[in-house]
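> Sharing a structure with you now.
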Amino acid sequence: MMKKTAVIDVVGLSESIISAEYTPFLYAYIQKKQIQKIKPPFPAVTTTSQSVYVTGKNPSEHGIVGNGWYDKTDSEVKFWKQSNPLVGAEKIWEAAKKKNPDFTCAKMFWWYNMYSSADYSVTPRPQYHSDGVKAPDCYSHPADLRDELQAKLGTFPLFNFWGPNANIKSTQWIADASIYVDKKYDATLTFIYLPHLDYCLQKFGVDFEKIKGDLQEIDQVVERLVSHFEGKGAKVIILSEYGINNVSKPVHLNRILREAGYIALREEQGLELLDPGASRAFAVSDHQIAHVYCPNASVLDEVKLLLMQTRGVKKVLSGDELAAFHIDHPRAGDLVLIADTDAWFTYYYWLDDKKAPDFARCVDIFKKPGYDPVEMFMDPKNPFIKLRAAYKLARKLTGFRYRMDVIPLDASLVKGSHGSPFCDEAYYPLYIADNQSTDKMEPTEVYSLIWNTVFE
């Protein structure tokens, strides 16, 4: 016997932001359900958290040590890869299919969604044209589902999914697509990713005057999804990957390593590029976590000592400590750093903004050797920045090449972050459903709770 189930991932949802005033549906909903805090996965970032939930395993087993890592074979930093085989453990839908061949799974925008063994899937996938234009699009399985969805709902709003124009449009599109897919395929288990709160909370932190509108918007989307799935007799699980706490201290690890002589650079057309393969030590920053790779093992101890003395660094893991935090995997850094609660790690390595690489001022999630939340801002110091953006958009629409170089280089703009396991419990991710586990459940327990909901 299988029970139809929907798992709705509301990114950034934590106890700190649920209220009768700004999230009336969620506030009322949790009064009727079991609500539990999940101990933050480590690291508490999107790809790792989701991989823990769908495998029931830690990064030491499934291999997703963060949103990005240094590929030691290619000598390249890789972020936001999409191939599902990167997750090196059996997924819940694969195990469920073995138990009951009639089981089906829809995976709507959960990460590592290309070439997945899920029956139905949709994920962001822009087109990169030969003239340099990045066109909004998505990828789906079956392939024709993409065309159906975009004919029905319009082109996937990629530029509202991330960047300075990120807003409710992308989350609404995902919700609408999820309902469409459910009506068409009626999957046993549906995973839905709603990113909306990621934007405002990283930009502004928990500042209700600035985020109240965003809270109301996501509350309405969640209500519509819950109403749809419960109307079909499905069990609904609402959860989050992490909560987002306030921060005020960006820490520039690569600048510290550079000044100490560990970073190697290339200069091209007067701009500096990090050369990880030639560096003795460098950091791949990911919110409040950073992987520090030391290709030259002889400097490991001195690099560790340097970083332990760095303001904003709470903990430096190495050796057996990596195993204790379940992140001992070949993809992980030789050192893994955790930031203080009010700090986060940038990828910045240049010392002079005039020599920053050209992609630093653009939304470019693949070229940057680390995660960059500053991509959500347009340069506030330029009073003409919106006119500049409009001009470049006009060039795009008329077929000319363009470079949307409107992103500031001011990390102090970011007011919220996540990733650390040491955050206050008010910022723990949540699990809201009919069934429950122990108080402050381990993140690996989410798998079994979903399983038990489907096979009750």
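> Of the residues that make up the range 86-109, is at least one closer than 26 Å to Phe366 by Cβ and of a type in the set (Val, Ile, Thr)?
yes
> For the list (1) within 24 Å of Gly231 (Cα to Cα); (2) not in a loop (DSSP other than H, G, I, E, B), I need the number of the one condition that Met1 fails.
Every condition holds for Met1 apart from (2).
> Here's something else I'd like to know. Give just the number: which of (1) assigned by TED's automatic domain parsing to the domain that holds Leu409; (2) surrounded by 14 or more Cβ atoms within 10 Å (Cβ to Cβ) does Lys235 not satisfy?
With respect to (1) assigned by TED's automatic domain parsing to the domain that holds Leu409; (2) surrounded by 14 or more Cβ atoms within 10 Å (Cβ to Cβ), Lys235 is out only on (1).
> Arg255 versus (1) modelled with pLDDT of 95 or more; (2) over 15 Å from Trp350 (Cα atoms): which is the lone unmet condition?
(2)
> Would you list the strands (runs of 3 or more DSSP E) that sit entirely within the range 161-273 and hold 1 or more residues that are of a type in the set (S, T, N, Q) and touching a helix residue (DSSP H, G or I) at 6+ places or on another chain (Cβ under 8 Å)?
189-194
> Within the range 281-293, is there a residue that is farther than 19 Å from Lys78 by Cβ and over 20 Å from the mean Cα position of the chain (by Cα)?
Within the range 281-293, not a single residue is farther than 19 Å from Lys78 by Cβ and over 20 Å from the mean Cα position of the chain (by Cα).
> Condition test on Ala95, is it closer than 15 Å to Ser51 by Cβ and surrounded by fewer than 18 Cβ atoms within 10 Å (Cβ to Cβ)?
When the stated conditions are applied, Ala95 passes them.
> Can you confirm whether Ala343 is surrounded by 19 or more Cβ atoms within 10 Å (Cβ to Cβ) and farther than 21 Å from Val77 by Cα?
yes
This table checks each residue for (1) over 17 Å from Gln288 (Cβ atoms); (2) more than 13 Å from the chain's Cα centre (by Cα); (3) small (Gly, Ala, Ser).
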site	(1), (2), (3)
Val45	no, no, no
Asn58	yes, yes, no
Ser83	yes, yes, yes
Ala89	yes, yes, yes
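> Looking for something in a strand (DSSP E or B) and either surrounded by fewer than 16 Cβ atoms within 10 Å (Cβ to Cβ) or in contact with a Pro (Cβ under 8 Å, 6 or more places away or on another chain) (or both) - is there at least one such residue anywhere in the range 289-305?
yes
> Now for a separate question. If only one of Arg255, Arg224, Arg146 is outside the structural domain of Lys91 (by TED's automatic domain parsing), surrounded by fewer than 21 Cβ atoms within 10 Å (Cβ to Cβ) and not small (Gly, Ala, Ser), which one is it?
Going through Arg255, Arg224, Arg146 in turn, just one is outside the structural domain of Lys91 (by TED's automatic domain parsing), surrounded by fewer than 21 Cβ atoms within 10 Å (Cβ to Cβ) and not small (Gly, Ala, Ser): Arg255.
> Between residues in the range 230-255 that are farther than 28 Å from Val374 by Cβ and residues that are polar (S, T, N, Q) and in a helix (DSSP H, G or I), which pairs lie under 8 Å by C-beta distance while being six or more apart or on different chains?
As it stands, the answer is Lys235/Thr453; Ile237/Thr453, since those pairs meet every condition given.
The values are calculated or read from the model by the stated rules, or taken from the named source; none is laboratory data. Since the model is a prediction, treat every value here as computed from it, not as a measurement. Virtual Cβ from ideal backbone geometry, glycine too; neighbours counted across all protein chains shown.
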